[in-house]
Every structure is written in C-alpha cells, then in structure tokens.
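Below: the structure, in structure tokens.
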Amino acid sequence: MRSVTRSLLAAIAVAAVVSIPAAFGAAKAAAPAESAVQAPAGDAGRFVGTYSLVVTERKEAGGAWAATPDFNSNGYIIYSNTGQMAVHIQPKVRQRLSNPPKPEEAQAALRGYVAYFGTYTVDGAGRFVVHHRVGQINPGGAVDAKRYYDFVTTPQGRERLILTPAPNGDGPKDQATSRLVWERQEMAPLSAEQKKFVGFWKLLYTDTYRMKDGKMVFHGNGTTPGGRNTARAGTSYIIYTDSGHMMVHLMDREGRTKWAGAQATPDEALRAFQSYSGYFGRFVTYENQSPQYLIHSQQGATNPATYSDQQRFYQFTGDVLRLGGPPRLNDAGELEGGHLYWQKMKMGEK
C-alpha cells in the first residue's frame with residue numbers, strides 16, 4: 001500500500017512541478033533543429049553523424065592491421081554539423097561498484113574507459129581531424145587529439161570511419177600502431193517531437209525542489225531558495241542524434257587535478273570518477289503522455305552498474321530544454337527532485 005501511495009504522490013508532484021518555468025527569465029526563440037543547419041563542405045561535412053565502435057586494431061610486424069586480441073568494447077562517437085563532437089568507449093565487462101565506491105573499484109572502472117567532448121576541425125589536405133577537448137574523464141589529458149582518418153565502404157554497403165591516433169600526438173600516420181574502426185549509424189524515423197531534441201546541448205544550471213501536500217516548500221540550488229547550482233555548468237553536454245542515439249557528459253567545472261603519473265592511482269581515480277559521469281545509448285519520446293517524458297536507454301556508462309532505462313520529464317522553452325527525473329519521497333514526507341537546464345549549442349560553440 002505504501003508503494004502505491006508513493007507512486008501516486010510522485011505522479012501528482014510531477015504534474016505540479018512541470019509548471020515551474022523552464023528557465024528564469026524570458027524565453028528565447030526556438031533554435032533550429034541540428035538537421036536543419038547546413039552541413040560543412042568537403043570532408044568536414046562527411047564526418048557529420050553517429051558512429052558505433054566496430055573494433056580496435058593493432059599493426060602487426062609485417063605492417064598489416066589485425067583486430068586487437070580479446071577486443072570487447074563498445075561505444076559511440078558523434079560529430080555534429082555545428083562543429084561539436086563527443087565520444088564514449090567502454091569495456092563491455094566491468095565489475096560493479098560498492099556504494100560508495102572504493103578507490104580500487106574506481107581505478108578498475110576507469111581502466112579502458114574513454115570519454116571526452118568538445119569541438120573538431122578537419123584538415124582535408126592532411127587527411128586528419130583534430131578533437132579539441134573541452135572536457136574529458138582524464139583530468140590531465142592533452143586538449144587536442146589528432147586523428148588521421150579514412151572513409152571506407154564494406155561489401156554490404158556500410159560506411160566506416162577509421163581513426164588512427166597520431167603517434168606521440170603529432171607523428172606521421174605510417175608510424176602509427178593502433179587505430180579504431182567505427183561504423184555509421186543510419187538515420188532513424190524520428191517523430192517531429194524527437195527531432196526537437198536533436199543536437200548538442202550545454203548545461204546552464206541545475207535546481208532542486210521539495211513538495212508537500214501538493215505545495216512547493218522549496219525551489220532553489222539545494223541551500224538557497226531561488227538559487228541555481230552551476231557546479232557543472234558550461235562543462236557538461238547532452239547530445240541527441242538523428243539516428244536515435246543519445247549521450248551525456250557531466251563534468252565538474254573546478255577541482256579536477258592532473259594525475260601524478262600516466263595512470264591514475266586508486267585515490268586519483270576515485271576523484272576523477274566522482275567529478276565526471278556520463279552514459280550513452282538510445283532515446284525515445286512519449287509526448288502523448290501527461291506530463292511528457294522521454295526514456296534514455298543506457299548501453300554503457302561511467303558507472304559500471306546494470307544499465308537501465310532512465311525516465312526524464314521534459315519541457316522546452318525557446319532554446320532551453322529542462323529535464324527532470326521522477327521525484328522521491330524523503331524521510332520528512334516531502335517529494336523531492338531536481339532539474340537540469342540545457343541550452344542548444346550554436347555553430348562552433350564550445
């Protein structure tokens with residue numbers, strides 16, 4: 001009976017909370033959908049899309065490329081027609097963490113995990129792309145990552161993108177010993193509502209709220225009524241693509257410390273894990289429900305838990321997207337929850 005009551009209260013609270021303004025201040029005109037923005041010319045335009053990791057390869061002694069032994073990773077890399085990019089790669093088999101996680105567990109969770117986001121530029125003459133990283137899971141990693149590229153077509157007609165990291169950051173391609181093979185994901189038959197989400201969004205701020213007996217008792221940044229939490233503002237992205245995929249990167253703006261060595265110690269890994277989180281997968285909207293919501297179906301995440309479907313209630317106000325999960329009933333008998341406010345990114349914006 002108690003669980004039924006909790007569910008009913010949660011539904012009532014969500015219906016009420018949805019009326020909170022999506023952003024303080026006047027709404028701006030809606031930004032155009034990413035697909036409506038003209039794609040860049042040349043190879044830069046060819047990059048635009050979502051790619052799934054197929055395999056990583058190593059160069060053998062004779063110079064031929066072969067699949068990395070025991071390859072068992074998955075992930076996506078996304079390039080937008082407005083100049084942003086993002087990537088998540090993870091080992092498929094990872095040990096779950098304790099709650100709270102132990103330093104050694106965080107170190108294991110980060111082993112083999114790659115996640116970063118930012119902008120990109122393409123040099124068609126040199127046949128390379130540079131990822132200009134605004135944020136990354138490794139707090140001391142190089143900002144610019146140079147990748148030689150090749151587009152190939154499989155016998156089945158699938159387009160693949162081969163990215164070869166430049167040796168020592170800027171070395172010649174023929175000296176490279178590793179590369180990643182990605183396959184373009186086909187466009188999905190998105191609904192008109194789903195198309196509103198497509199693009200890169202930057203976090204503006206978050207808020208929290210508490211409700212009791214159908215009335216708002218607090219709305220602010222957790223401590224200050226009316227305040228905004230900007231701890232991860234400007235250094236966090238959420239991405240939706242026209243292939244039906246999504247990706248999120250949440251990174252603290254301050255307090256991230258470079259590792260003393262090439263690899264993180266357990267304590268360094270725990271701090272990095274606590275200051276950077278994200279996941280990737282697919283999304284679907286339920287715009288005919290009241291209130292409207294969407295589902296993020298996780299296929300991978302920085303936290304190696306059992307991947308799940310994340311429900312997010314949403315509201316658009318101009319070029320601002322507000323997302324919030326279902327509220328919880330706290331020990332004081334209040335329904336508490338929070339929102340993330342995202343702004344659509346423009347051409348070349350970091």
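The residue among Ala115, Val54, Pro91 whose Cα reaches farthest toward the positive pole of the charge dipole of the stretch 43-184, with charges on the beta-carbon of Lys, Arg, Asp and Glu, is Pro91. Charged side chains reduced to their Cβ positions (Lys and Arg at +1, Asp and Glu at -1) give the stretch 43-184 a dipole of some 260 debye around its Cα centre. Note on the chain: with charges restricted to the Cβ of Lys and Arg (+1) and Asp and Glu (-1), its dipole about the Cα centre is near 340 debye. Model label points for Phe316 and Leu97, set 7 angstrom from Cα along the Cα-to-Cβ axis, are 3.4 nm apart. Shape class of the stretch 145-228 from the Cα gyration tensor (axes a ≥ b ≥ c, square roots of the eigenvalues): oblate, since a/c reaches 1.5 or more and a/b does not exceed b/c.
Each of Trp201, Trp65 was scored by other Cβ atoms within 10 Å of its Cβ. Listed from fewest to most, they are Trp65, Trp201. Residues Tyr307, Tyr51, Tyr120, arranged from fewest to most other Cβ atoms within 10 angstrom of their Cβ, appear as Tyr307, Tyr120, Tyr51. Positive end of the dipole of the chain (Cβ unit charges, origin at the Cα centre): among Gly244, Asn72, Gln175, the Cα lying farthest that way belongs to Gly244.
Long hydrophobic helices in the chain: the complete DSSP H runs spanning 15 Å or more by Cα along their own axis with mean Kyte-Doolittle hydropathy of at least 1.0 are 2-17.
Within 10 Å of each residue's Cβ, count the other Cβ atoms and sort Asp213, Asp309 from fewest upward.
Details: Asp213 9, Asp309 12.
Going from least to most buried by this count: Asp213, Asp309.
Measuring from centroid to centroid over Cα atoms, what is the spacing of the stretch 212-291 and the stretch 123-170 in Å? Value for the Cα centre distance between the two parts: 26 Å.
Only the coordinates and a few stated rules stand behind these numbers; no lab work does. Since we're looking at a predicted model, the values are computed, not measured. FYI the Cβ positions are ideal-geometry reconstructions off the backbone, even for glycines, and counts take in every protein chain you see.
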